[in-house]
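Where a number appears in this text, it was derived from the coordinates with a stated rule and is not lab data. Since the structure is predicted, the reported quantities are computational estimates derived from the model, not experimental observations. Using ideal geometry, Cβ is built from the backbone for each residue, glycine included, and neighbour counts are taken over all protein chains shown.
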Amino acid sequence: MTLATMEQKMELTLHQTIEKESHKTYGQVNRMWPDEIPPITKEEAFKAYKLLTRKFGSKKVWSEYYNKWETKKLSIGRRRPRRCWICLSGNCNLLDRGWRRLVHDISHRVYDFRFPQSSRDHNIAQAKIEQEMAQYVIGSGWLEGKLKAKPKEKHKEDVVLLRFSRMLKREKVWERKLKLATSHLKKVKREIKVYKRRHNKVSVN
Ligand SMILES: [Zn+2]
């Protein structure tokens, strides 16, 4: 065997090892997800996208200018989620939509950001990022609806203000009723006076 073919063979086995390793990691990622992956709304998808980008999209770069390590952050970029990240009904367990697709896509973006010189293929590093991300999503309870919008709790001051304006309205209502009652009472008293006068006349006669 020549040196060249030996090198070729070694390289091949190294490549095969990498392939095997990344397949193993992808397998681990796939097994990590629960059997029944819940639906994901547009809001959840965008929140998850922003949170995962912020959490995983940072790296240390050496600054020649400042002569020190600096933290670089991956920009959010998008203003809305991809359509394939949203899964409102049907089978949300598939790789190409919903939570799994979302994590897969963001892991690619993070990988490209962290290793800009590297190939864009699927490899161990990318699979590891995806695994870490899936773990984070599952561990954070996002599949159980942690990212769903909560009905807004009314602020205490708002409640006080609301009660105050309600009281002002009620005051007006009662004042009107009081006015009406007073005028009715006046009328009734006047009529009573008239009846009494007549009755007195009658009894006198
Ligand atoms: Zn991919």
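Using just its DSSP H runs of length 4 or more, each adding -39500 (n - 2.57), the chain gives a mean residue ellipticity at 222 nm of -22000 deg cm²/dmol after division by all residues. Computed over the chain, the Cα gyration tensor eigenvalues convert (square root of 5λ each) into semi-axes of 80, 21, 11 Å, ordered from largest to smallest.
Each Cα pair under 8 Å and six or more residues apart adds its sequence gap; the mean of these over the residue count of the range 10-144 is a relative contact order of 33 percent. Residues Glu171, Glu64, arranged from fewest to most other Cβ atoms within 10 angstrom of their Cβ, appear as Glu64, Glu171. When each of Arg97, Arg83 is scored by the number of other beta-carbon atoms lying within 10 Å, the sequence from fewest to most is Arg83, Arg97.
Residues whose amide H lies under 5 Å from that of Ser58, counting only those 5 or more places away or on a different chain, are Leu74; hydrogens are built 1.01 Å from N in the peptide plane. In whole Å, what is the distance between the alpha-carbon centres of the range 75-91 and the range 105-149? Taking the Cα centre of each part, the range 75-91 and the range 105-149 sit 15 Å apart. Specify the inter-centroid distance of the range 18-69 and the range 152-172, based on alpha-carbon positions, in whole Å. Cα centroid to Cα centroid, the span is 46 Å.
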